[in-house]
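The values are calculated or read from the model by the stated rules, or taken from the named source; none is laboratory data. What you see is a predicted model, and the numbers here were worked out from it, not measured in a lab. Methodologically, a virtual Cβ is constructed for each residue, glycine included, from the backbone with ideal geometry; neighbour enumeration extends over all protein chains shown. Note: accessible area is taken over every heavy atom of the protein model, side chains too, but ligands, DNA and RNA are not part of it. Shrake-Rupley method; radii C 1.70, N 1.55, O 1.52, S 1.80 Å.
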Amino acid sequence: MFLGYGHMTNQPKTQKRQPILLGRLSATFLPLIIYIPIALFFFGYRGSWSKNYFGVGGDPITFIWFLHWWPFAIAHHLNLFVSKYVWYPHGFNFTWDTSIPFAALAILPITLLKGPVIAFNLLSVMAPALSAWTAFLLARQITHDWRASLIGGYLFGFSSYELAQLLGHLNLDLTFLVPLAVLLCVRRFQGEISRRLFIATLATILLFELGLSTEVVATLCVLGAVSWALILASAPPDDRSQLMSLAVDIITAAAVMTVLATPFLLYLVKGSAEVPPVINSPTTYSADPLNYIIPTVVTRLGRTIFAPIADRFTGNASEQGAYLGFPLIFLVALYFRDHIGRPYVRALLLSMSLIAVLTPLGQWVL
């Protein structure tokens, strides 16, 4: 009877844990299941995925070539970072190009089975969904509001920036690791993960991001440092020691990543001598101030009405990703009006204001 009683008392606990675990998993992964059909609905149909590719111009072809290059170079024991298959006989240093080694290795089975064109299309259509999902995870950690986080994730993953880069810049469209890096920092600050786990995980994320886009990882580090300084300046005195400790952990993770990425970084330094002083014109590739409120061709609503204005923006459609729109700007303004007294909200406002000024700076200065 005692054995039977023990069995009966443990059974409800086990049954209770299982629904809780399943509920948490479904709450975590359900947004991804929602975002993927949305991405397929918006971008999925392009005829034959083996013959047609996402984007315009020559950039998509470059990424398709790189998706094939990495498995080819590994299989033939070639130098992964410098190849004479292009610009022969001098060759080219791929660390100074958008060579996306991590994406190439992640999608390797599809490339081998179905070819690099299908692999490129799959990465392209998954990029907004993955970015939306990781932004949802970050928003849920901060707000503890599932529905609001679902909307926030959508606004990030299907933003005008993401849609603009979908026209041909796979390295800039795969931004799903950026919210994960911020999420880790938030969880470490809140004491939810250990220092060792934080350093190992953040170093891995930074390493993978380096393998997707040197531009994005550099932007993440620079703006992350600036945002941390603004947060530190606005933080209550009791939180400043935690923020200083977080900074030490982040620097340690960056150092670990640097060691792991030494071969890549050595070729990056070696190739810097051949890089021109100005790679792209800051005048041409800075956001137009009007782009914050004027939609471009990648935005479904308003692109026809405002086309005469948007056509005068510099650069091309891939570089015109600053659009937010009046509704979102209005909601953000209401939020700051109601919560500006909170210290971290002030830091958020300063960070957003700084980015809003720096993004079109080339237009104003030059």
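Suppose we flag trypsin sites (Lys or Arg not before Pro) only when DSSP calls them loop and at most 16 other Cβ atoms lie within 10 Å. Which is the longest uninterrupted stretch of the chain?
Values: sites that count: Arg46, Lys51, Lys84, Arg300, Arg303, Arg312.
Free of exposed loop sites, the longest segment is 85-299.
Classify the stretch 306-366: rounded, prolate or oblate, from the alpha-carbon gyration tensor (a ≥ b ≥ c, eigenvalue square roots; a/c under 1.5 rounded; otherwise prolate if a/b is larger than b/c)? Walk me through the intermediate numbers first.
Numbers: a/c = 3.56, a/b = 1.83, b/c = 1.95.
Oblate, because a/c is 1.5 or more while a/b does not exceed b/c.
Calculated FRET efficiency, Ser245 and Lys84, Cβ-Cβ r, R0 45 Å, to nearest 0.05? Let's see the in-between values first.
Values: r = 48 Å, r/R0 = 1.07.
Once rounded, the FRET efficiency stands at 0.40.
How much length would be gained if the chain were fully extended between Val275 and Arg187, taking 0.36 nm per residue of separation minus their Cα-Cα distance, in nm to one decimal? Before the final figure, lay out the partial values.
Numbers: separation 88, 0.36 × 88 = 31.68 nm, distance 3.87 nm.
Stretched fully, the Val275-Arg187 segment lengthens by 27.8 nm.
Fully extended, how many nm does the chain gain between Ile74 and Ile293 (0.36 nm per residue separation, minus their Cα-Cα distance)? Let's see the in-between values first.
On the way: separation 219, 0.36 × 219 = 78.84 nm, distance 4.65 nm.
Gain in length upon complete extension: 74.2 nm.
Rounded to the nearest 10 Å², what accessible area does Ile355 have for a 1.4 Å probe in the complete protein model?
80
I need the shape label for the stretch 27-126. Rule: rounded when a/c is under 1.5, else prolate if a/b > b/c, else oblate, with a, b, c from the alpha carbon gyration tensor. Mind showing how you got there, number by number?
Values: a/c = 2.38, a/b = 1.89, b/c = 1.26.
Prolate, because a/c is 1.5 or more and a/b exceeds b/c.
Decide, for the stretch 257-361, between rounded, prolate and oblate: order the square roots of the alpha carbon gyration tensor eigenvalues as a ≥ b ≥ c, take rounded if a/c falls under 1.5, and otherwise choose prolate if a/b is larger than b/c, else oblate. If you can, show how the numbers build up before the last one.
Numbers: a/c = 2.78, a/b = 1.32, b/c = 2.10.
Cα axes put the stretch 257-361 in the oblate bin.
Please report, as a whole percent, how much of the solvent-accessible surface of the chain comes from carbon and sulfur atoms (probe radius 1.4 Å).
Numbers: 14650 of 20950 Å².
Using a 1.4 Å probe with all protein chains present, the chain comes out at 70 percent carbon and sulfur.
Could you identify which residue out of Glu162, Glu215, Glu192 has the top mean-square fluctuation in a GNM of the chain using Cα springs shorter than 10 Å?
Residue with maximal mean-square fluctuation among Glu162, Glu215, Glu192: Glu192.
Using a 1.4 Å probe, what is the accessible area per residue for the chain, in Å²? Write down the numbers at each step before the final one.
Values: 20950 Å² over 366 residues.
On a per-residue basis, the chain sits at 57 Å².
Near the amide H of Ser83, under 5 Å away, which other amide H atoms are found, from residues 5 or more places off or on another chain, if H is placed in the peptide plane?
Residues meeting the criterion, in which the H sits 1.01 Å from N, are Phe92, Phe94.
Rounded to whole Å, give me the distance from the Cα center of the stretch 241-288 to that of the stretch 168-216.
Taking the Cα centre of each part, the stretch 241-288 and the stretch 168-216 sit 14 Å apart.
Excluding Ser241 itself, calculate the net charge of residues whose Cβ lies under 15 Å from the Cβ of Ser241, where each Lys or Arg counts +1 and each Asp or Glu counts -1.
Values: positive: Arg188, Arg195, Arg240; negative: Asp238, Asp239, Asp249.
For residues surrounding Ser241, the net value is 0.
Projected area of the chain, taken from the Cα convex hull and averaged over every viewing direction, in nm²? Write down the numbers at each step before the final one.
Details: hull surface 99.1 nm².
Its average projected convex-hull area is 24.8 nm².
Give a residue-ordered list of calculated ³J(HN,Hα) values for the stretch 249-262 (Karplus: 6.51 cos²θ - 1.76 cosθ + 1.60, θ = phi - 60°; whole Hz; x for Gly, Pro).
For the stretch 249-262, the Karplus curve yields 5, 5, 4, 5, 4, 5, 5, 4, 4, 4, 5, 5, 9, 3 Hz.
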